[in-house]
1. Looking only at the range 270-297, filter to residues that are among the aliphatic types (A, V, I, L, M) and in contact (Cβ under 8 Å) with a residue 60 or more places away in the chain; which one of those is surrounded by the most Cβ atoms within 10 Å (Cβ to Cβ)?
2. I'm checking my understanding of the structure. Among residues of the range 246-284 that are among the hydroxyl-bearing types (Ser, Thr, Tyr) and in a helix (DSSP H, G or I), which one is farthest from the chain's Cα centre (by Cα)?
3. Out of all the residues in the range 105-118, which are over 13 Å from the mean Cα position of the chain (by Cα) and surrounded by fewer than 21 Cβ atoms within 10 Å (Cβ to Cβ)?
4. Taking Asn301, is it farther than 25 Å from Gly107 by Cα and either out of contact with any Ser or Thr (no Cβ under 6 Å at 6 or more places or on another chain) or surrounded by fewer than 21 Cβ atoms within 10 Å (Cβ to Cβ) (or both)?
5. Does any residue in the range 320-341 that is touching a residue at least 40 places away in the same chain (Cβ under 8 Å) and more than 15 Å from Val262 (Cα to Cα) come within less than 9 Å, Cβ to Cβ, of a residue that is surrounded by 19 or more Cβ atoms within 10 Å (Cβ to Cβ) and of a type in the set (D, E, K, R) six or more places away or on a different chain, and which pairs are these?
6. For a quick check of your reading of the model, give me the residue pairs whose first member lies in the range 63-88 and is without any contact (Cβ under 8 Å) to a residue 24 or more places away in the chain, whose second is surrounded by 17 or more Cβ atoms within 10 Å (Cβ to Cβ) and assigned to a helix (DSSP H, G or I), with beta-carbon atoms closer than 6 Å and at least 6 apart or on different chains.
7. Looking at the range 237-244, is at least one residue assigned to a helix (DSSP H, G or I), of a type in the set (A, V, I, L, M), more than 24 Å from Gln23 (Cβ to Cβ) and in contact (Cβ under 8 Å) with a residue 24 or more places away in the chain?
8. Can you confirm whether the range 200-208 contains a residue that is over 21 Å from the mean Cα position of the chain (by Cα) and without any contact (Cβ under 8 Å) to a residue 12 or more places away in the chain?
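Computed from the coordinates by the stated procedures, all read-outs in this text should not be read as laboratory data. What you see is a predicted model; the values in this text were computed from it and never measured. Every residue, glycine among them, receives a Cβ derived from its backbone with ideal geometry; neighbour counts consider all protein chains shown.
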Amino acid sequence: MNDLVSNFQLAESALGHLTSAVQFGFISGTLLFAILTIADRFSPSKVFVISALAGALFNTGMMWEGNSLGSLLIFRFLTGFFLAGIYPVGMKIAADYYDKKLGKSLGLLVGALVIGTAFPHLIKGLTSTLHWKIVLWSTSSLAFVGGLLMFTLVPNGPYRKPGQKLDLSAFFKVFENRDFRSAAFGYFGHMWELYAFWAFVPVILTTYADVHPESIPNVPFLSFSIIGIGGIACVIGGYVSLKAGAKKTAAVALLLSCLCCVASPLMLGSDSIIIIVAFLLFWGMVVVADSPLFSTLVARNAPAESKGTALTIVNCIGFSITIISIQILVALKDFINPTYLFLILALGPFLGLMALYRK
């Protein structure tokens, strides 16, 4: 992102706009996909490959030498837009293949998402001199290959029940089920915390490094480790849910992440980098371990012919919530002690637990 700003001679404020453009693109894409019930009316694998190829194409568009801030924002927005045909559609495909073991399969899928989210931090830490265009070529190529693999190796699943016609009301009908609402609102509480935590992990480590320069922590590598360890937690949570149940396993993870928010002033106020990193690693596990389990509950409580739409609209609302919580933290960080900043994140898991167990 810094390379884009310097290469195209943009103002520093453009960095935030370029970041938000992908989020807004994803939200717009999931909203449109949900309203048009795309993932239910068409083969999910075909939707996946088309979205992957389009996303790769628009991602490479940022390398055009004639770009301005406006064109870069358009390319970023369109990249995010077509991601709407990948993540929620991937969960729809998993739901088409698994019934009783859906929690385990979604644990693997979301675990892959978490590793992918953390991966840029690792690349930054290991290849600081890598040209920014090579990064774009690489990510676009991986998206291209991933789309082709999905299309050629993953046909429609045995539990798929395709929607026969356009049903604009399906967007709202899924929320008529009480158990679906409970799972969805639990997921929304989880999302309030998750991406805000991920966004501020490098900030927490950089702040510590500024105060304790003698420690010289490798911020990108530690950021990768703290975020990426959540991928392992998703897989573990998926297997645990086979014995304990998806709802109970999700609730335990949500409770633990809520307690991490509450304990953050004490733990992040420590002078020991070992204590801080150990705490962040634990938080990095429990903050996302419930994500695939909430998606499991959403899929199980949605009508068979509307699972794709249900997963997509829940994703749309959940990612919209992440923008709000991140912006609140950004607005508050200059006015309150940073160690108290993350107490506000406890609100999401608390309300999520209430929604999950509401009678």
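1. Step by step, filter the range 270-297, then rank; the result is Leu293.
2. The residue in question is Ser264.
3. Once the filter is applied, which keeps residues that are over 13 Å from the mean Cα position of the chain (by Cα) and surrounded by fewer than 21 Cβ atoms within 10 Å (Cβ to Cβ), the range 105-118 yields Ser105, Leu108.
4. no
5. Here the result reads Ser325/Glu193, each pair linking the range 320-341 to a residue that is surrounded by 19 or more Cβ atoms within 10 Å (Cβ to Cβ) and of a type in the set (D, E, K, R).
6. Phe75/Phe58; Phe75/Gly61; Phe75/Met62
7. yes
8. no
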